[in-house]
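Here is the structure we will look at, set down as structure tokens.
The values are calculated or read from the model by the stated rules, or taken from the named source; none is laboratory data. Being a predicted model, the structure only gives us computed values, none of them experimental. Methodologically, a virtual Cβ is constructed for each residue, glycine included, from the backbone with ideal geometry; neighbour enumeration extends over all protein chains shown.
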């Protein structure tokens, strides 16, 4: 049984598709490579922000469910999403940038031998930048070449996914015995699990917490986290594995940009296993990725209906020039 290769994507919920587009584009400098809809709720946008070319392991995605209440952070939730930056010096850049742009952050800290910088967006969604300076393992992606962030400081992909749980014994057994992660380090109430080649791009950090009340999903929280496999054959093997442990799962789900398998691994925690391909480059040219509403072929007959349900907003960037923003 091949191990999972690492983090594939994280999907969260936002109060505003327009505002999260502005935040990820103009503040964080990630590239919107796909503007589509939630395939299970076609009145809801699904936005994919990635590296320059939509590499697996680099994308954070967002739903904007109409009318959903604000979420509440607590225990038993996917609590924080990490982004990789090239080195410690990049974190110094981001502190200055966040200060200038009035992004709330914690300052630079260290965990498991890596320098980190935690911050939040307008919904109190929890994020962290993590330095690759002392990192080995899964390779990083390619920063958005034409974005506003100088390439030597830019985000290159996803780092560790944080999960907060009140039943550590159960979750540790699930991570090790079912998902084949290995616990490689412990600091206080935090446990580091790694898979595949390991490193920042293949890690889950589990926090044991019985003090906080249970979190409640809504905007400002994570919907699910996904992990990488090579192809459909490997995904089918994982499906059989889930069934052997009697874990309820979705069965194979065709998402067009990748194939998926969903499993509720723990109360309120949804994990997905997703294939690396075919990816995001098949239905739009590189130069204009994410600039129009993209629909998988099985939704094209509903395009007129869908375009009436989702309010249009401008995501054209190919006609603009982003000056690199150095923070002196």
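Here are some notes:
- If the condition is being closer than 19 Å to residue 119 by Cβ and in a helix (DSSP H, G or I), then the stretch 1-33 contributes 19, 20, 21, 22, 23, 24, 25, 26, 27.
- Residues that are assigned to a strand (DSSP E or B) and either touching a helix residue (DSSP H, G or I) at 6+ places or on another chain (Cβ under 9 Å) or over 24 Å from residue 162 (Cβ atoms) (or both), drawn from the stretch 47-62: 47, 49, 60, 62
- Condition check for residue 248: at pLDDT below 95 and either more than 21 Å from the chain's Cα centre (by Cα) or surrounded by fewer than 18 Cβ atoms within 10 Å (Cβ to Cβ) (or both): yes
- Selection status of residue 155, part of a strand (DSSP E or B), buried (at least 17 other Cβ atoms within 10 Å of the Cβ) and out of contact with any helix residue (DSSP H, G or I) (no Cβ under 6 Å at 6 or more places or on another chain): no
- Some residue of the stretch 64-81 being assigned to a helix (DSSP H, G or I) and touching a helix residue (DSSP H, G or I) at 6+ places or on another chain (Cβ under 7 Å): no
- Verdict on residue 241 being under 21 Å from the mean Cα position of the chain (by Cα), crowded, with 16+ Cβ neighbours inside 10 Å and within 24 Å of residue 252 (Cα to Cα): no
- Scanning the stretch 82-98 for residues that are part of a helix (DSSP H, G or I) and in contact with a strand residue (DSSP E or B) (Cβ under 8 Å, 6 or more places away or on another chain) returns 88, 90, 91, 92, 94, 95, 98.
- Any hit, the stretch 131-148, residues being surrounded by 18 or more Cβ atoms within 10 Å (Cβ to Cβ), within 21 Å of residue 220 (Cα to Cα) and in contact with a helix residue (DSSP H, G or I) (Cβ under 8 Å, 6 or more places away or on another chain): no
- Members of the stretch 276-310 that are assigned to a loop (DSSP other than H, G, I, E, B) and loosely packed, with under 12 Cβ neighbours inside 10 Å: 282, 285
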